[in-house]
Amino acid sequence: MKKLIALLLCAAMLLGMAGAVAEDPVTYTSLYSSEVTTLNYLITSTTNEFAIAANLIDTLVEYDMYGRMQPSLAIAWENSEDSLTWTFTLRQDACWVDGNNEVVAPVTANDFVAAAKYILNAQNASSTADILYGVIEGAEAYYQGTATPEEGAEPAPVMEWDTVGIKALDDYTLQYTLTHPVPYFLSMLTYVNFMPVYEPFLLEKGENFGLATGNDTLLYCGAYYLSQFKPQEIRVLSKNEKNWDAGNVHIDEIVSKYNKEASTVSAELYLRGEVDSASLSNELTADWLADEEKAAKIHPVRYDTDYYSYFYTFNFDPQFDAIYEPDNWKIAVNNENFRLSIVNAFNRIKAKTLLDAENPDKMLYNTITPPFFCEVDGVDYINIGELAALSAASVDTLAVEAALSFKELAVKELAEAGATFPVKVLLLYNPNASANNSDQEAQIVEQQLEDVLGKDYIDVVIEAGPSTSYLTARRTGLYGMMNCNWGPDYADPETFTDPFTAGNKYNFMDKSGNALVEEYYALVDAAKAITNDIPARYEAFAKAEAYLIQHAFVMPFGHGSGGYTASLLDPFSGPMAPFGISTDRYKGQYKLEGYMDTDAYYDAYDAYTEARDKAE
């Protein structure tokens, strides 16, 4: 009966909209050059794939334009006294539609259970399963019971689903039971691994669910549905008129056209009004800013929505070819004074001019966690405890005298340890990131490090990573030094420790045999153990992060995007959150009626911040 009522609610909502005055549809058009490999949001963790899912599938909660959490598919929730059990009441006017925008079924609590059961089946190879079994009671044991054991190993016990802490108490009541208190649990719910799926459709499609072949391999419950999907041709997201919050969707169609040369041709098409956004290299930005007519069509990138943190990291377990002398590198990189010599010789501002020649310092910060990510008692996390001094320091970290002092100490220590000079530093860059000038950045880093420290001490060897599956080079340790990034998954500083914990595939610190690494792990574990005192928790994480930076395991490199953008999207109208998929959503966003220049941008930003402060 409840499901029937929900379908009637969907129908009633449509009848209510039928009398509305029709307006000209609003279309936002762009180009893309990299096709997705799957539409299956239950298995992917790739940005360009879950960015599509963000608009097609709603989550239990969402964020508004000021970064405030709002109800979505859940209209209410409560937490048990021990903070282990979360119970959500779902709305009854949400429904699944197909690629023709026809209603199929209501969204129910079982849809979240079905999605989790799929993700936690190791045979489906979901890349986000670990996020679920890291917090849900019984989830890891269930997952291991579905995994194929390694050759010669005993299989893990097969567990029944009722041992997992995800339950549909009835059609519209969903319950999660956690392994331990998770202060940031609500913020996790905006990521793909907490999205629902309609189980009958999932079972019907089987291995064909979410295939990137057309719009008929998914059902949709979000602000948009996929009305067209032709691989390497076009994809169209159309407004889902059956969505419970359709009134907050202001762009009717999101049209993405495939062009393998998108990064080079989009700028001219943007000037001609044929597309609504374009890629701008640093060189092209400079040309446009020098032209009054073109300068009026671009505006600064909004920094406070970029929560991907970039950092140069050292590899403590090199797996690269013998020609690059991995054994010698391993001796050198485990020497703290060697690492500190490189950190102090690194001119970050000069390197950042490739992304923003006008204001490179605005792109830099001295921590791994970005500013404005989270706060406690009105204090930004990066200004808490031992991070405060780092945050207050200049972003101009070039210190030649200090670099040479550390070099002098390192030379003596490394010679005693059996290292030879110059130490080869294999610097890998992404050949696909042409818009970010990665090759030029690598050349700048090479030149400045060798100029300061001397070619008798280090020999920076630049190599392009693989053009396809670039991240495999990092994950398999095929580098000595590399510019990496990390995006947060939830609203807690713990998320920025994930790239550096035991078993990581960023810098492989756990295999280094370095006593300082073990101390870092101990600091992180101590911070994680604090679950009911947020100020103490944040201070403990700040201590661990400061330790990581002060001992030069990583070199913070700030924001990864900056400069100027060519886009007709209003930069201040969309959802904002430093984690999950909120900023990938078009819901709530407006298309500008004309171009926004720099002056208009800053006027709009001032108006936005004033409104945000009042809203808080």
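The values are calculated or read from the model by the stated rules, or taken from the named source; none is laboratory data. On a predicted model such as this, the values are computed, not experimentally measured, just so you know. For neighbour counting, all protein chains shown are included, and Cβ atoms are generated from backbone atoms with ideal geometry for every residue, glycine included.
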*Looking at Ser341, is it more than 21 Å from Tyr307 (Cα to Cα), of a type outside the set (Val, Ile, Thr) and modelled with pLDDT of 95 or more?*
yes
*For the range 536-559, indicate whether the set of residues that are surrounded by fewer than 23 Cβ atoms within 10 Å (Cβ to Cβ), of a type in the set (S, T, N, Q) and either outside the structural domain of Leu427 (by TED's automatic domain parsing) or more than 28 Å from Asp317 (Cβ to Cβ) (or both) is non-empty.*
no
*Would you kindly identify the helices (runs of 4 or more DSSP H) lying entirely within the range 139-232 that contain at least 1 residues that are at pLDDT below 95?*
185-188
_the range 350-377: number of residues that are of a type outside the set (A, V, I, L, M, F, W, C) and touching a Ser or Thr at 6+ places or on another chain (Cβ under 8 Å)_ = 7
*If you check Val445, Val379, which single one turns out to be surrounded by fewer than 20 Cβ atoms within 10 Å (Cβ to Cβ) and closer than 20 Å to Leu364 by Cα?*
Val379
*Qualifying positions in the range 485-523 - buried (at least 19 other Cβ atoms within 10 Å of the Cβ), under 21 Å from the mean Cα position of the chain (by Cα) and outside any loop (DSSP other than H, G, I, E, B)*: Trp486, Pro493, Glu494, Thr495, Phe496, Thr497, Pro499, Phe500
*Residues Ala345, Ala278, Ala332: which one is in the same structural domain as Ala415 (by TED's automatic domain parsing), buried (at least 18 other Cβ atoms within 10 Å of the Cβ), touching a strand residue (DSSP E or B) at 6+ places or on another chain (Cβ under 6 Å) and small (Gly, Ala, Ser)?*
Ala332
*What number of residues within the range 396-435 are in contact with a Ser or Thr (Cβ under 6 Å, 6 or more places away or on another chain), in contact (Cβ under 8 Å) with a residue 40 or more places away in the chain and more than 15 Å from Leu449 (Cβ to Cβ)?*
2
*Does Lys407 fit the bill of being surrounded by 17 or more Cβ atoms within 10 Å (Cβ to Cβ) and over 26 Å from the mean Cα position of the chain (by Cα)?*
yes
*asked:* With β-branched (Val, Ile, Thr), under 30 Å from Ser467 (Cβ atoms) and free of Cβ contacts under 8 Å to residues at least 60 places away in the same chain as the only criterion, which of Ile349, Ile342 stands out?
replied: Ile349
*Which residue pairs have Cβ atoms under 8 Å apart, sit 6 or more places apart or on different chains, and have a first residue in the range 569-592 that is on the phi > 0 side of the Ramachandran plot and a second that is outside any loop (DSSP other than H, G, I, E, B) and surrounded by fewer than 20 Cβ atoms within 10 Å (Cβ to Cβ)?*
Gly588/Asn248
*Got at least one residue in the range 112-125 being in contact with a helix residue (DSSP H, G or I) (Cβ under 9 Å, 6 or more places away or on another chain), outside any loop (DSSP other than H, G, I, E, B) and free of Cβ contacts under 8 Å to residues at least 24 places away in the same chain?*
no
*Conditions: (1) without any contact (Cβ under 8 Å) to a residue 40 or more places away in the chain; (2) closer than 21 Å to Ala546 by Cα. Ala322 meets all but one. Number of the miss?*
(2)
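Residue-by-condition table, conditions (1) farther than 19 Å from Leu592 by Cβ; (2) in contact with a strand residue (DSSP E or B) (Cβ under 9 Å, 6 or more places away or on another chain); (3) surrounded by fewer than 18 Cβ atoms within 10 Å (Cβ to Cβ); (4) of a type outside the set (S, T, N, Q):
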| site | (1), (2), (3), (4) |
| --- | --- |
| Leu226 | yes, yes, no, yes |
| Ser238 | yes, yes, no, no |
| Lys242 | yes, yes, no, yes |
| Tyr270 | no, yes, no, yes |
| Val301 | no, yes, no, yes |
*Quick one: in the range 240-257, which of the residues that are under 25 Å from the mean Cα position of the chain (by Cα) and either among the polar types (S, T, N, Q) or in a strand (DSSP E or B) (or both) is farthest from Ser33 (Cα to Cα)?*
Asn248
*Tell me, which helices (runs of 4 or more DSSP H) lie completely within the range 310-385 with 2 or more residues that are within 17 Å of Val425 (Cβ to Cβ) and among the hydrophobic types (A, V, I, L, M, F, W, C)?*
326-333, 336-345
_Scope the range 104-124; condition surrounded by 20 or more Cβ atoms within 10 Å (Cβ to Cβ) and of a type in the set (A, V, I, L, M); matching residues_ = Val107, Ala109, Val113, Ala114, Ala115, Ala116, Ile119, Leu120
*Are any of the residues in the range 447-470 assigned to a helix (DSSP H, G or I), under 23 Å from the mean Cα position of the chain (by Cα) and touching a residue at least 40 places away in the same chain (Cβ under 8 Å)?*
no
*Members of the range 564-585 that are more than 20 Å from the chain's Cα centre (by Cα) and closer than 26 Å to Asn366 by Cβ*: Tyr564
*Please find, within the range 131-177, the residue that is farthest from Asp489 (Cα to Cα) out of those that are aromatic (Phe, Trp, Tyr) and without any contact (Cβ under 8 Å) to a residue 60 or more places away in the chain.*
Trp161
*Looking only at the range 79-111, count how many residues are charged (D, E, K, R), touching a Phe, Trp or Tyr at 6+ places or on another chain (Cβ under 8 Å) and assigned to a loop (DSSP other than H, G, I, E, B).*
3
*asked:* aromatic (Phe, Trp, Tyr), at pLDDT 95 or above, over 19 Å from Ser573 (Cα atoms) and in the same structural domain as Tyr191 (by TED's automatic domain parsing): which single residue out of Phe50, Phe88 fits that description?
replied: Phe88
